[in-house]
Amino acid sequence: MRWIAFLVCLAAALAQTPAKELDVSTKNSWEDTGLDLRPGDVLTISATGKLSVRSGKSTSSVTAAGASRGFRDLLKSYPVNEAGQGALIGRVGSSDTTTPFLVGASKSWTSPRVGRLFLGINKSDNDAPDGAFHVKIEFSSRGPEASNSPKDSLPVKVTAEMIDRIPRRVVDAQGNAGDNTNFVVLGDEKKVLAAFAAAGWVQVDRDRDDAILHGVLSVLNKQAYVELPMSELMLFGRVQDYGLAHAEPIAVVAQRHHLRLWKAPFKADGLELWVGAATHDIGFDRDQRNNGVTHKIDPDVDLEREFVGQSLDETGLVAGLSYLSPKEPSKEARTATGATFHSDGRMLVIQLAP
């Protein structure tokens with residue numbers, strides 16, 4: 001009898017969320033489906049129709065699965081890098097930090113978080129596909145109602161005393177002070193890396209040999225290479241445990257969001273604490289140590305701190321975001337290469353969900 005009651009309730013709930021049908025056109029960047037999702041919602045999204053896409057001098061028709069990737073795609077920046085031009089894609093939320101996902105012609109998909117569902121077409125700024133897909137969205141099951149508890153009211157396990165044990169700046173191999181440490185993530189290694197991956201961050205190659213091999217494989221697989229190595233800097237007496245980048249393929253050499261992570265030599269309430277230093281490369285500059293060429297960072301480094309927090313928060317894997325101010329904040333300084341930057345000196349504390 002309980003199973004019958006459960007099935008009756010489930011059927012009633014799904015009946016209140018009828019199938020949604022809409023056209024997704026190439027004329028709009030993102031189409032608002034009007035559907036507000038819950039974490040754990042299971043949807044089936046299917047698309048019919050074809051688009052006209054152009055590659056070089058040739059024109060072809062493609063379904064919502066998208067065009068086959070060619071070597072021209074290596075020089076393009078797509079919202080979903082692993083898919084071809086014209087593929088149907090989606091995202092939850094309208095923020096630029098939201099990571100889009102491939103839908104294709106048909107997909108059964110589980111929503112990772114609360115938010116409005118948007119659909120769009122995978123294309124670069126220079127592409128001009130023409131047409132529209134007719135899309136049908138059906139709910140297989142609904143997730144639980146999202147909690148209304150504000151994230152900044154959650155108990156924080158990281159204390160000001162812990163923050164003061166973290167050096168304010170990282171250093172290069174010669175001991176020159178560089179970027180600020182500007183955020184911490186509370187959670188075990190596997191969970192932390194999974195959260196960054198879900199937010200669209202990729203681990204960069206550690207050395208030149210890895211970069212050459214990975215670059216060649218990317219070309220052979222007709223995928224853009226975004227894991228370009230970054231320089232090694234030191235904290236707690238060692239180089240970073242991980243380097244992560246969030247970049248548009250076509251601009252990765254000149255500009256990208258990037259960060260370095262170190263596991264702290266102490267824990268917070270029994271959990272690993274990961275310390276990060278994040279900056280945004282926006283071009284090239286002169287290295288004042290040797291007159292060579294180096295990356296120029298956005299001097300307002302707090303913007304990159306906020307980008308990191310928002311990108312992780314969009315995954316639905318974050319339980320809380322808060323800030324702590326160290327006793328001796330780093331507010332005005334120079335990087336190891338001589339460029340100036342400024343900050344309010346606060347440390348962003350990111351608590352991952354259990």
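The values are calculated or read from the model by the stated rules, or taken from the named source; none is laboratory data. Please read all numbers here as calculations on a predicted model, not as lab measurements. Please note: Cβ atoms are built from the backbone with ideal geometry, for glycine as well, and neighbour counts cover all protein chains shown.
Tell me yes or no: at least one residue of the range 176-185 is outside the structural domain of Pro326 (by TED's automatic domain parsing), touching a Pro at 6+ places or on another chain (Cβ under 7 Å), of a type outside the set (Lys, Arg) and at pLDDT 60 or above. Scanning the range 176-185, I find no residue that is outside the structural domain of Pro326 (by TED's automatic domain parsing), touching a Pro at 6+ places or on another chain (Cβ under 7 Å), of a type outside the set (Lys, Arg) and at pLDDT 60 or above, so the answer is no. When Ala15 is tested against (1) of a type in the set (Gly, Ala, Ser); (2) within 18 Å of Lys123 (Cα to Cα); (3) at pLDDT below 90, exactly one condition is not met: (2).
When the range 312-327 is filtered for residues that are over 24 Å from Ser343 (Cα atoms), in contact with a Lys or Arg (Cβ under 6 Å, 6 or more places away or on another chain) and assigned to a strand (DSSP E or B), nothing remains.
Going through (1) in a strand (DSSP E or B); (2) more than 16 Å from Ala339 (Cα to Cα); (3) modelled with pLDDT under 90 one by one, Arg286 falls short only on (2). Taken over the range 75-133, residues that are assigned to a strand (DSSP E or B) and charged (D, E, K, R) amount to 4.
Across the range 134-143, which residue is nearest to the chain's Cα centre (by Cα) among those that are surrounded by fewer than 18 Cβ atoms within 10 Å (Cβ to Cβ) and either in a loop (DSSP other than H, G, I, E, B) or not charged (D, E, K, R) (or both)?
Looking at the filtered set, the residue picked out is Gly143.
Across the range 154-186, what is the total count of residues that are small (Gly, Ala, Ser) and under 18 Å from the mean Cα position of the chain (by Cα)?
The first filter runs over the range 154-186 and keeps only residues small (Gly, Ala, Ser), leaving 160, 173, 175, 177-178.
Within this subset, residues satisfying the condition of being under 18 Å from the mean Cα position of the chain (by Cα) are none.
Within the range 154-186, residues that are small (Gly, Ala, Ser) and under 18 Å from the mean Cα position of the chain (by Cα) number 0.
The residues of the range 31-42 that are in contact with a Ser or Thr (Cβ under 7 Å, 6 or more places away or on another chain) and among the hydrophobic types (A, V, I, L, M, F, W, C), listed by number, are Leu37, Val42. Of everything listed in (1) in contact with a Pro (Cβ under 6 Å, 6 or more places away or on another chain); (2) crowded, with 20+ Cβ neighbours inside 10 Å, the single unmet condition for Gln85 is (1).
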